Amino acid sequence: MVSRTSSRMMTIAHAEFLRSLSPLKQHYQIEIDEARREVEISCRGLRAVLQLHEMGPVKLGSLTMPSLKVFFRFEDSAVDEISQFWARFDLCFRRGGG
């Protein structure tokens, strides 16, 4: 079991981020604390605490997108469970383009 931290800057609004976590509910227990802007994701072998910080909008030419900095803290989590979490998490936020 290990403890690790990581962060990601994501171009997504807070509410959309929370909605995008829905597919993870098939694998994990998810608790959202809106007041603290935290999300706790857990199952046997994994406990992740996500802290959400809204940042200023990102501008690319005439396009403006919301941004969110997400801090991940894995506490007493198995390395293989953390790897599985990242694979599932990334699938939730994969967007198609044209």
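Peptide packing: for 13-19, 60-66, the average count of neighbouring Cβ atoms within 10 Å per residue gives the ranking 13-19, 60-66, highest mean first.
Extending 7 Å from the Cα toward the beta-carbon at both ALA78 and GLU38 defines two label points whose distance is 2.5 nm. Across the chain, the relative contact order, built from alpha-carbon pairs under 8 Å that are at least six residues apart, equals 36 percent. Computed 3J(HN,Hα) for segment 50-59, one whole-Hz value per residue from the Karplus formula 6.51 cos²θ - 1.76 cosθ + 1.60 where θ = phi - 60°, is 10, 10, 10, 10, 6, 10, x, x, 9, 10, glycine and proline marked x. The accessible surface of the chain, taken with every protein chain in place and a 1.4 Å probe, is 49 percent carbon and sulfur. With protein chains left intact and a 1.4 Å probe, residues in the chain average 62 Å² of accessible area per residue.
Counting only alpha carbon atoms, the long axis of helix 79-92 and the longest principal axis of the chain meet at about 30°.
The values are calculated or read from the model by the stated rules, or taken from the named source; none is laboratory data. Here the structure is a predicted model, which means the values were calculated and not measured. Note: ideal-geometry Cβ built from the backbone for every residue, glycine included; neighbour counts use all protein chains shown. With ligands, DNA and RNA removed, areas are computed over all heavy atoms of the protein, side chains included. Shrake-Rupley method; radii C 1.70, N 1.55, O 1.52, S 1.80 Å.
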